[in-house]
Amino acid sequence: MTEDAKSAAETTEAELKRGTADKAAVVPARRRELLPLPGLAAIALYMVVLAATGIIGVAEGHLPRLYLFFSAAFVAAALGLLLLLRWAWALTLAAVLLLAGLFFWRFAAGHSLPYIVQGLLNLVFFLYLVRTEVREKLR
């Protein structure tokens, strides 16, 4: 949120408390803050999809049961990221960086196109998460 928007929101809320502001003017400002960083929601959804993939892989017997730990960590990171918690940001950052490295390594070993696409997607998520605007919003 820019400085002008912050001061406008504070002014509007102060006027609302005094009873001099229109309530309809305050609602849009609060709605904008409901999801200040929509990219975090997309990354959280990606983490849930990774967790579901791991759970299905364990259920079908393709992956060892240890992967359930990773799935639980991915779900916890997704929920914490939606709540703007710093530990969830760190967990997600570590996960996407390690996954990017893994997929780039798999691409180098096998030259399969899906690995480079997944590696680039994880790299984009990593670069989004390290932005200053994202880190400032975390608690």
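The values are calculated or read from the model by the stated rules, or taken from the named source; none is laboratory data. Predicted, not measured: the structure shown is a model, and the values here were computed from it. Note: ideal-geometry Cβ built from the backbone for every residue, glycine included; neighbour counts use all protein chains shown.
Some values worked out for this structure:
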read-out: Criterion (at pLDDT 65 or above and among the polar types (S, T, N, Q)) met by exactly one of Thr20, Thr12, Thr53; value: Thr53
read-out: Matching residues in the stretch 59-75 - criterion: being assigned to a helix (DSSP H, G or I), aliphatic (A, V, I, L, M) and surrounded by 14 or more Cβ atoms within 10 Å (Cβ to Cβ); value: Leu68, Ala73, Val75
read-out: Residues of the stretch 101-139 satisfying the condition of being more than 17 Å from Ala42 (Cα to Cα) and small (Gly, Ala, Ser); value: Gly101, Ala108, Ala109, Gly110, Ser112
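A quick yes/no check of all residues on (1) surrounded by fewer than 17 Cβ atoms within 10 Å (Cβ to Cβ); (2) out of contact with any strand residue (DSSP E or B) (no Cβ under 9 Å at 6 or more places or on another chain); (3) assigned to a helix (DSSP H, G or I); (4) among the charged types (D, E, K, R):
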residue	(1), (2), (3), (4)
Gly57	yes, yes, yes, no
Ala77	no, yes, yes, no
Leu97	yes, yes, yes, no
Ala100	no, yes, yes, no
Phe104	no, yes, yes, no
Asn122	no, yes, yes, no
Glu136	yes, yes, yes, yes
